[in-house]
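Have a look at the structure below, then the notes.
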Amino acid sequence: RNTRFVGVISPSHHNLTVPFSLVYSKICRKYGKVLFVDLGSEMGNYFTDEMEKDNLIDYLFELQADRFDVDLADYTTSYKGITCMLPALDPEEIWGITESDWKLFARGLRSQKFDVVVILFDEFSQNFFDVAGILDDLMVVGSEDAYSLKCVERFSLYLAKKNIGLMPQNVILNDNICNKFTRFDIDNIMKGNLEEWIRDVRRCGMVSARG
């Protein structure tokens, strides 16, 4: 089976993008082996005891040395049953990764026989297009307020003009559900009904089943 790479980005910086990505990853586990990769620094707040371990940058260094047989457990941790690549200590290190490096990264993860790799973008930058070359799907997350909807619309139009070969899916999180979470509490969200706060969750099955 081919590994499916799914990107998640929120042009309006929705405060539930991280938990959405984790819940999405957990749902995808129903269909196979899943890895969650956070290109920002948010998840580092939840791995404070392990941040001195090797991370994404160290794993890429091994791949550049043609060592594809490394034990991925040295570069990952488990969070609520989800295998997560430990994020870079300094987010600026991510910006130095080239397009060819990302292709090498994808090759390495394919050799680990993941079914789905969920990649969360911290923000939109030129680096996005370097990573986009390995993506099979892209989820653009927003909410129902006018500002967020406009951000999602403009971002989708921009991607269409860039013609990067992706058909992004706009995922609009229901305001009534999002308002239940008055603080950033991944634990609370993960304990709840995984499907109730994601609109069009059937997309998860489609992402995992193809390829």
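Every number in this text was worked out from the coordinates using simple rules, so none of it is lab data. Everything numeric in this text was worked out from a predicted model, so none of it was measured. Glycine also receives a Cβ, built like all others from the backbone with ideal geometry; neighbour counts cover every protein chain displayed.
How charged is the neighbourhood of Phe155? Take every other residue with its Cβ under 13 Å from the Cβ of Phe155, and add Lys/Arg as +1 and Asp/Glu as -1.
+2
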Two pseudo-spin positions, 7 Å from Cα along C-beta at Lys150 and at Phe68, lie apart in nanometres by 4.8
Nearest-0.05 FRET efficiency for Asn163 and Arg29 at R0 = 25 Å, using Cβ-Cβ distance, is 0.15
Relative to the present Cα-Cα distance, how much length would full extension add between Glu92 and Asp54 at 0.36 nm per residue of separation? 12.0 nm
How big is the C-alpha Rg of segment 112-170 next to the rule-of-thumb value 2.2 N^0.38 Å, as a ratio? 1.21
